[in-house]
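Notes follow once the structure below has been shown.
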Amino acid sequence: MERQKEAQIGLKAKLTQLEMNETEYQRILNGPPDSVTMRSGMVRLAPGTSVGIHNTNSYEELIIVLEGKGEFRITGQEPLAIEYGTIAYCPPETEHNVINTGSSALRYIYVVAKVK
């Protein structure tokens, strides 16, 4: 707890302008010194592509879909359809993937925060 208090000292509010163009990835927050534990970014996937299977490890993750259609796949579960306006939550220690199943770009923001 003391370390978190130390990390919060000097944190300031921050604005970031999203680049809604063909950029595949834009970092928004990168953990300290931008935030205490949060990291975030905007991802753009072309039709038929995926972010790749990865594990949240000791982080929980939130995905906010800004445009397009796709699937949020959690290992061992049925795929979840995602589209504009969908918010998906992924708990810690979970293997997952995001796949663009649509005919246009899938763009989303992810936010991860350390839980352990």
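What the table shows:
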item	result
Set 67, 60, 71: member being touching a Leu at 6+ places or on another chain (Cβ under 8 Å), in contact (Cβ under 8 Å) with a residue 40 or more places away in the chain, among the acidic types (Asp, Glu) and on the phi < 0 side of the Ramachandran plot	67
So residue 55, is it surrounded by 13 or more Cβ atoms within 10 Å (Cβ to Cβ), closer than 27 Å to residue 21 by Cβ, among the polar types (S, T, N, Q) and touching a residue at least 24 places away in the same chain (Cβ under 8 Å)	no
Qualifying strands (runs of 3 or more DSSP E) (wholly inside region 27-116; at least 2 residues being among the charged types (D, E, K, R) and farther than 30 Å from residue 11 by Cβ)	69-74
Odd one out for residue 36, checked against (1) out of contact with any strand residue (DSSP E or B) (no Cβ under 8 Å at 6 or more places or on another chain); (2) at pLDDT below 85	(2)
One residue from 89, 108, 84 being more than 18 Å from residue 22 (Cα to Cα), modelled with pLDDT of 95 or more and hydroxyl-bearing (Ser, Thr, Tyr)	89
Looking only at region 40-55, and only at residues there that are among the hydrophobic types (A, V, I, L, M, F, W, C) and more than 11 Å from the chain's Cα centre (by Cα), the one that is nearest to residue 89 (Cα to Cα)	53
Failed item in (1) at pLDDT 90 or above; (2) at positive phi, with residue 10 passing the rest	(1)
Hits in region 74-109 - residues which are without any contact (Cβ under 8 Å) to a residue 24 or more places away in the chain and out of contact with any Phe, Trp or Tyr (no Cβ under 6 Å at 6 or more places or on another chain)	74, 75, 76, 77, 78, 79, 81, 83, 84, 85, 86
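The values are calculated or read from the model by the stated rules, or taken from the named source; none is laboratory data. Note that the structure is predicted; figures quoted are calculated from it, not measured. Neighbour counts are summed over all protein chains in view; Cβ atoms, including those assigned to glycine, are modelled from backbone coordinates with ideal geometry.
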